[in-house]
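Asks: Right, I'll just put the structure down here and ask away after.
The values are calculated or read from the model by the stated rules, or taken from the named source; none is laboratory data. Predicted model only: the values in this text are computed from it and were never measured. Remember, those area values only see protein heavy atoms, side chains included, never the ligands or the DNA or RNA. Shrake-Rupley method; radii C 1.70, N 1.55, O 1.52, S 1.80 Å.
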Amino acid sequence: MRRLLRRREAAEIAGEVAAAAAVSAPEVVPDLTAAAFFDVDNTMMRGASIYHFARGLASRGLFTTRDLAKFAVGQAWFRVRGNENPDHIARAKEMALAFVAGLKVDEVVRLGEEIYDDVMADRVWAGTRALAQAHLDAGQRVWLVTATPVELARVIAQRLGLTGALGTVAETADGAYTGRLVGDLLHGPAKAEAVRALARREGLDLGRCSAYSDSSNDLPMLSLVGHPYAINPDSELREHARDSGWETRDFRTGRKATMIGLPIAATAGAIAGGVAAGIALRRHYRSTL
């Protein structure tokens, strides 16, 4: 009994000493008028996030890898400096929305969390993640801005410990997707409008804000802030950044820039993956009825 008491006393002393020796991390002073905005695909992570989501669905047997390969091959044409055929994109977008109509939002979010942990986490660029963390450490809020569906974008932001996400918003009713978008894809000028609207709501000074992207499609967003950065840039953005004196970071060490990630341009990749994911989710949903 005495030995047990001595052990308890020794444990209590050890705990008190350890607590007394602990050094508290310095408090982060909030910087309420500055924020950072990060594109996702090929900026925060290698390849298209929605495509990785579709791969995760394939690995769960919700559709075949052969189906997924068809989407990848079909989108390879769009790699040419972001030259994306508007009519093709519109048709593909309609297909994706038709496939997700009626699916439960909660189920998509649950699968997104699982697939991020299994497939996407290892594809995050450590260098870009460090840039985002530097803003957080400076007390600034950090938002993802992406054409990816907002539910998946939020999962990525939460897993990375970021403030939140701006993404494409699909219409829902009674917890299920209707098959229509609220507005349009969050792409190109729409990203800049989203950032501008958020800045108004949050009281941000855009001249003090930063934005990061790999694509010339995001020039409207990059040009909106006082501190734009080109991350893993395509050739057009690299040239624009050089002419404008913007800082460039390239984390694609050891590979040619044109071969990094998936063979898909940003918007086309999101749509291709969205169609694939929609097919898989539709099959999954029917199998549970």
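Asks: Summarise the accessible area of the stretch 120-214 (1.4 Å probe, protein heavy atoms) by the percent that is carbon and sulfur.
Replies: Carbon and sulfur: 50 percent of the exposed surface of the stretch 120-214.
Asks: In nm, what is the difference between 0.36 nm times the number of residues separating D205 and V109 and their Cα-Cα distance?
Replies: 31.3 nm
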